[in-house]
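Below you'll find the structure, written out as structure tokens, and then a few comments.
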């Protein structure tokens with residue numbers, strides 16, 4: 001095999017969850033597929049997996065060591081394409097490329113900038129690395145309208161394209177039959193008359209599960225249930241908050257689960273996230289025929305059409321989110337109609353459509369970049 005491609009992300013789990021179809025496509029096309037993340041492990045379709053000492057805190061000295069190790073890797077292997085994901089890995093790989101006299105073709109996929117233009121001085125710790133890395137970013141892929149506007153106005157890449165996410169698995173997320181739905185709800189312990197809201201995400205300040213809990217308590221829906229799936233540093237804190245709010249018997253914390261075995265048995269998606277790229281949990285819920293009550297932020301507003309597939313609420317507005325939860329719980333006909341519309345809309349973001357779209361962007365850029373970089 002002559003052509004080599006490197007996929008890099010902050011964690012190996014990120015590559016496993018979101019990028020295996022792309023690794024497979026390159027491997028089947030005859031490329032030697034490499035992967036780099038914070039640890040070595042099994043990764044289907046990758047011929048080689050290397051570890052970089054990536055640390056979540058940007059200012060960690062170990063990230064400088066990661067830059068040095070990545071520089072040696074890029075100089076030695078002469079990759080025909082470097083596809084980098086997540087903010088930390090994106091900064092490390094592109095900083096390493098900066099120092100090379102001969103740079104590989106680098107595509108950075110932005111899964112959601114962690115800032116907004118209106119954030120004032122607070123945006124600069126995140127925006128400045130993007131500005132500095134722009135000259136070595138041959139292809140920049142963004143996933144929502146606000147990030148595209150930022151990228152183009154700030155010229156954060158040589159070639160900027162908007163894609164419809166990375167593609168959810170449409171073969172696993174779809175509305176279950178009435179029989180399967182009844183059986184699935186019984187397995188989870190959901191009563192037939194309960195309205196179940198689901199939020200599957202890492203427990204973090206950005207994902208903001210605490211606000212969802214407060215809004216759910218405030219909504220006062222007697223037949224409502226809430227499922228907060230996932231793991232993370234703030235999970236135990238949220239469990240304590242649920243107890244304090246008197247929600248212990250109405251909120252489930254199942255941990256890390258196969259969401260395909262959960263979402264279709266629920267009734268609506270809820271989220272209070274501060275920032276997103278194009279969130280998988282929302283797309284998967286839509287594909288299962290679920291309406292949404294979510295914050296009006298980038299990523300969410302690209303997916304949810306108000307009063308058609310769900311409701312958008314001002315960020316940090318507990319009362320508005322509570323009202324949205326109460327409305328979805330109290331209007332079953334609306335819930336079903338919006339869910340059907342959401343399921344139709346989700347087709348745009350399915351893997352079978354998006355993977356060819358993204359691979360096409362790679363191909364067009366590589367074919368047209370002779371002499372670039």
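We did not get these values from a lab; they are worked out from the coordinates using the rules stated. Because the structure is a prediction, the values reported are computed rather than measured. Reconstructed Cβ throughout: ideal geometry from the backbone, glycine too, with neighbour counts over all protein chains shown.
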Item to complete: Would you mind ranking 166, 286 by Cβ crowding within 10 Å, fewest neighbours first?
Response: 166, 286
Practice prompt. Can you put 11, 334, 137 in order of Cβ neighbours within 10 angstrom, beginning with the fewest?
Written response: 334, 11, 137
Discussion item. Apply the a/c threshold of 1.5 to the C-alpha gyration tensor of the range 283-373 and tell me whether it is rounded, prolate or oblate.
Written reply: oblate
Item to complete: Measure nothing fancy, just the Cα-based angle from helix 318-330's long axis to the longest principal axis of the chain, in degrees from 0 to 90, nearest 10.
Response: 60
Worksheet item: Using alpha carbon centroids, what distance separates the range 4-57 and the range 304-372, in Å?
Response: 27
Item to complete: List the relative contact order of the chain as a percent without decimals, with contacts defined as Cα pairs under 8 Å and 6+ residues apart.
Response: 14
Response to the item:
Per its Cα gyration tensor (rounded if a/c is under 1.5, else prolate when a/b beats b/c, else oblate), the range 1-109 is best filed as oblate
Practice prompt. Relative to the longest principal axis of the C-alpha atoms of the chain, give the angle of the C-alpha long axis of helix 351-367, reported between 0 and 90° and rounded to the nearest 10°.
Written response: 20
Practice prompt. May I have the convex hull volume per residue, in Å³, for the Cα set of the range 118-246?
Written response: 177
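Rounded to the nearest 500 deg cm²/dmol, what is the calculated helix-only ellipticity per residue at 222 nm for the chain, with -39500 (n - 2.57) per DSSP H run of length n ≥ 4?
Here the helix-only value at 222 nm equals -12500 deg cm²/dmol.
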Discussion item. As a footprinting exposure proxy, order 108, 113 by other Cβ within 10 Å, with the fewest listed first.
Written reply: 113, 108
Worksheet item: Taking the Cα atoms of the chain, what is the range of coordinates along each of the three principal axes, in descending order and whole Å?
Response: 65, 44, 36
Response to the item:
Full extension between residue 218 and residue 126 adds, at 0.36 nm per residue less the Cα distance, a length in nm of 29.7 nm
Discussion item. So if I average 1/r over every pair of distinct C-alpha atoms in the range 152-199 and take the inverse, what Kirkwood radius in Å does that give?
Written reply: 14.9
Discussion item. When a/c reaches 1.5 or more, the comparison of a/b and b/c decides; with that in mind, is the range 178-349 rounded, prolate or oblate per its Cα gyration tensor?
Written reply: rounded
Worksheet item: What ranking, highest mean first, results for peptides 218-231, 67-80 when packing means the other Cβ atoms within 10 Å averaged over each residue?
Response: 218-231, 67-80
